[in-house]
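K.L.:
Below you will find the structure I want to go over with you.
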Amino acid sequence: MTYFKTLSTARLTLRPPRPGDKDALHALHSDPRVMRYFSEPPWTDPARAAHQIDEDACAFDREEYFRFAIVLDETQQMIGNCTLHALHRQNRRAEIGYALQPAQWGKGYMGEALGALLAYAFRERDLNRLEADIDPRNTESASCLERLGFVSEGYMRERWIVGGEVCDSALYGLLRRDWDAKQN
């Protein structure tokens, strides 16, 4: 049986991706603006979205990782996704990843979605630490993480090669105790 977990915020619903999301998912991950700072180039094969949705559903079933579609309540359209992945159960830590349609940038949606993802990670999954690995040129992403309480913990030179471009990584971390303190 598929593990269907839904998270809600004031303006958004976070839910597992559905087959009907394939066009929105492909549009998101084929957009060079969205993928500019990702660890892979823009998608070119439209079939990749359907495959990814199937893979994500299986991962939810096995509780291996959790990629949530971010749905704007006002329109019921998928506008992005956020993921809790690379779970290390013994160490109670995981990584987060995220992407948002450019038309939705600057509206606070990603901070809102990630706030729900953090609550899920710390309260429901009982994690102690979350990590994010971002391209240091993505200052908007860094600002979003910092507003959520993440701390810059390191810099790795030439960690990724994406589409032939060598890229650095900025590493961010958030401890549950720091997140808890910020909630009060």
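K.L.:
How far is it, in nm, from the label point at residue 104 to the one at residue 181 when both lie 7 Å from their Cα along the line to the Cβ?
P.N.:
It works out to 3.2 nm between the two label points.
K.L.:
Still on this structure, I have one more. In nm, to one decimal, how far is the residue 44 label point from the residue 147 one, both placed 7 Å along Cα→Cβ?
P.N.:
That separation, rounded to one decimal, is 3.6 nm.
K.L.:
DSSP loop (so not H, G, I, E, B), at most 15 other Cβ within 10 Å: list which GluC sites (Glu not before Pro) in the stretch 56-114 pass both filters.
P.N.:
63, 64, 74
K.L.:
When DSSP beta bridges are limited to those with both residues in the stretch 30-174, what percentage is antiparallel, rounded to the nearest 5?
P.N.:
90
Laboratory data are not the source of any read-out in this text; all were calculated from the coordinates shown. Bear in mind the structure is a predicted one, so any value in this text is a computation, not a measurement. For neighbour counting, all protein chains shown are included, and Cβ atoms are generated from backbone atoms with ideal geometry for every residue, glycine included.
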